[in-house]
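Read through the structure below, which is laid out as structure tokens, and then see the notes.
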Amino acid sequence: MKLRLNKYLSMCGVSSRRNADELIQGGSVSINGKTERGLGHTIDPEKDAIRVRGKLINPERKRYLLLNKPKLYITALGEGQDDKKTIQELIAKIPERVYPVGRLDYDVEGLLILTNDGELANRVLHPSFELTKVYSAVVKGNINEEKCLRMQKGVELEDGYAKPDSIKVLKADNSLSTVQISFHEGRNHLVKRFFLEFKHPVRQLRRISVGPLNIGNIERGQWRDLTNRELKSLRKALGLEN
């Protein structure tokens, strides 16, 4: 079966198709010992030997994980800096090389997808698929019904207008409010900046869902594989064939 070279690299968990194109154009990929820079090149996985930077590439088992990232962990693989822990420590027993899809800030906890499926990861991150991310935020101050309605209309931030898909106050008193808020975009620090614009700095932030995937009862620092039903729902939301 013939496959485009960038798709094959994505299937093998090397990178997304976009990054695979960069590897190919940069001369890092060879086919049967010959460097290949053509983006449209097709290969036969059963006959051709594909190498990236000299390493032979073989398809590996696809893994799709949900991790409940604790606070004070960096969303990165490998060793941390300044004695900060990374999520690598939490997934050390997984034999496949899986990668985080997006990131959560050091002081933010909650749902994080990890996979070695580059094509799926690229689609999760691409804004055109508009996967909704739902957060539970504890913010300073009392958010009353009037202010909640103002927030629902959105606000201008330094990088453009931000309007939540939904916002609901779960609990509020004079000092703190617990709010559930969702956005379908993934700008850096969006939730924190949104609340700060209304003078309600975030004290705690937890992501509870991404698209059809929910954190459920996964304990902090623990992970599990997606169920077949969850994977099917996610692929459908991303326009991928099942």
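The values are calculated or read from the model by the stated rules, or taken from the named source; none is laboratory data. None of these values were measured; they are calculated from a predicted model. Neighbour counts run over all protein chains shown; Cβ positions are idealised from the backbone, glycine included.
Some observations on this one:
- Close pairs (9 angstrom Cβ cut-off, 6 or more residues apart or separate chains): of a type in the set (Asp, Glu) in region 64-84, at pLDDT 90 or above anywhere: Glu79/Thr86; Glu79/Gln88
- Residue within region 59-79 that is farther than 24 Å from Leu111 by Cα and touching a Cys at 6+ places or on another chain (Cβ under 9 Å) present: yes
- Taken together, Glu197, Glu146 contain a single residue that is at pLDDT 95 or above and among the acidic types (Asp, Glu), which is Glu197.
- Put simply, of Ser175, Ser182, Ser166 the only residue that is surrounded by 14 or more Cβ atoms within 10 Å (Cβ to Cβ) and hydroxyl-bearing (Ser, Thr, Tyr) is Ser182.
- Cβ pairs under 8 Å, 6+ apart, first in region 17-34 and within 25 Å of His126 (Cα to Cα), second of a type in the set (S, T, N, Q) and assigned to a helix (DSSP H, G or I): Arg17/Asn6; Arg17/Ser10; Arg17/Asn122; Arg18/Asn122; Ala20/Asn6; Ala20/Ser10; Asp21/Asn6; Ile24/Asn6
- Residue-level check: of (1) in contact (Cβ under 8 Å) with a residue 12 or more places away in the chain; (2) surrounded by 14 or more Cβ atoms within 10 Å (Cβ to Cβ); (3) closer than 25 Å to Ala121 by Cβ, Lys232 misses just (1).
- Residue that is farthest from Leu104 (Cα to Cα), among those in region 41-56 that are out of contact with any Gly (no Cβ under 9 Å at 6 or more places or on another chain) and among the aliphatic types (A, V, I, L, M): Ile43
- Test: residue in region 179-190 that is over 30 Å from Val98 (Cβ atoms), outside any helix (DSSP H, G or I), hydroxyl-bearing (Ser, Thr, Tyr) and outside the structural domain of Asn68 (by TED's automatic domain parsing): no
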